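Worksheet for the structure shown next.
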Amino acid sequence: MDPTQLHQTLSQLHTELEQTQAIDDESRQLLEHLQSDIQTVLKDPSPTTHKSLRDRLSAAVVHFEDSHPELTLTLKQVLDNLAQI
């Protein structure tokens, strides 16, 4: 996958995470960790940082699947993009 495309997808996800509303404390904490991992991958796109982000994204997909379907779709797109790397 093109690093520019990954950067754009991660930036889109970051924007959606910032706009997500009506979440509980556990969800907020998960989003904060995701945002941190995204920033890490954008600064250091190594396989180790990708794995950490993939693991957290997988957990977030399960967590948000029912409550935030649009966010879940974006999370899945990022997972698919990371799998292509």
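The values are calculated or read from the model by the stated rules, or taken from the named source; none is laboratory data. Since this is a predicted model, take the numbers as computed values, not measurements. Cβ placement follows ideal geometry from the backbone for every residue including glycine, while neighbour counts extend to all protein chains displayed. The accessibility values were calculated without ligands, DNA or RNA, using every heavy atom of the protein model including side chains. Shrake-Rupley method; radii C 1.70, N 1.55, O 1.52, S 1.80 Å.
Divided by 2.2 N^0.38 Å, where N counts the residues, the Cα radius of gyration of region 5-45 comes to 1.19. Expressed as a whole percent, the accessible surface of the chain that belongs to carbon and sulfur atoms is 47, based on a 1.4 Å probe. Translational diffusion coefficient of the chain (Stokes-Einstein, Kirkwood radius from Cα pairs, 4 °C, 1.567 mPa s): 102 µm²/s. Against the chain, whose longest principal axis is taken from its Cα atoms, helix 47-64 shows a tilt of about 20°. Mean separation of Cα pairs under 8 Å and 6+ residues apart, divided by the residue count of the chain: what relative contact order is that in percent? Value for the chain: 40 percent. The equivalent ellipsoid that matches the C-alpha gyration tensor of region 43-85 spans semi-axes of 21, 10, 7 angstrom, in descending order. On full extension, the segment bounded by GLN29 and HIS7 gains 5.6 nm, given 0.36 nm per residue less the C-alpha separation. Taking the Cα centre of the chain as reference, the dipole from Cβ charges on Lys and Arg (+1) and Asp and Glu (-1) amounts to some 340 debye.
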